[in-house]
Amino acid sequence: MLDKTKHYNDLLDWYAPLLTEHQKAIAFMHFREDYSLSEIAEHTLSSRSAVHETLKRVELLLEEYEEKLHLYQKFTLRLEAYQSLEALNLNSVNDILKILNDLE
């Protein structure tokens, strides 16, 4: 469950602005604040099943956005490339990496 939560938290970092305010609120409560479905239902004055359906829809949307845009995948690949370059420990490379990191 922790891997799933981390996965959706990572996708939320990139795609939360594409969700409705309602979807975003429920996703943040569930994935970031670890609220149960019942707690979210109580907080949003809706049913547990409505919260469950919203979360399933959010998960589907986040996966679709990543499948189409690959923003998170590209970000992790860039991070790996930066780390590989940093491991070379060359001053000129480190200077360029600093510029690139400042742009991120």
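Values in this text are rule-based calculations from the coordinates and carry no lab data. None of these values were measured; they are calculated from a predicted model. Here the Cβ positions follow ideal geometry from the backbone for every residue, glycine too, while neighbour counts run over all protein chains shown.
Suppose a student asked you for the relative contact order of the range 2-69, using Cα pairs under 8 Å spaced at least 6 residues apart; what percent would you report?
Once divided by the residue count of the range 2-69, the mean separation gives 36 percent.
Hey, can you list the DSSP H helices of the chain whose Cα span along the axis is 24 Å or longer and whose average Kyte-Doolittle score is at least -1.0?
Span-like helices, by this rule, are 48-69, 71-88.
Which semi-axes, in whole Å and largest first, does the equivalent ellipsoid of the chain have when worked out from the alpha carbon gyration tensor as the square roots of 5 times its eigenvalues?
In descending order, the three semi-axes are 37, 13, 11 Å.
For TYR35, what residues show an amide H to amide H distance below 5 Å, using hydrogens built from the backbone and excluding near sequence neighbours?
Sorted by chain and number, the residues that satisfy this are HIS30.
Helix-only mean residue ellipticity at 222 nm, the chain, DSSP H runs n ≥ 4 weighted -39,500 (n - 2.57), per residue, nearest 500. What is it?
-25500 deg cm²/dmol
Explain nothing, just the number: dipole magnitude of the chain about its Cα centre with +1 on each Lys and Arg Cβ and -1 on each Asp and Glu Cβ, in debye rounded to the nearest 20.
Charge dipole, the chain, about its Cα centre: 140 debye, nearest 20.
Taking θ as phi - 60°, what are the ³J(HN,Hα) couplings along the range 27-33 by the Karplus curve (6.51, -1.76, 1.60), each to the nearest whole Hz, with x for Gly and Pro?
These are the phi-based 3J(HN,Hα) values: 4, 5, 4, 6, 7, 9, 9 Hz.
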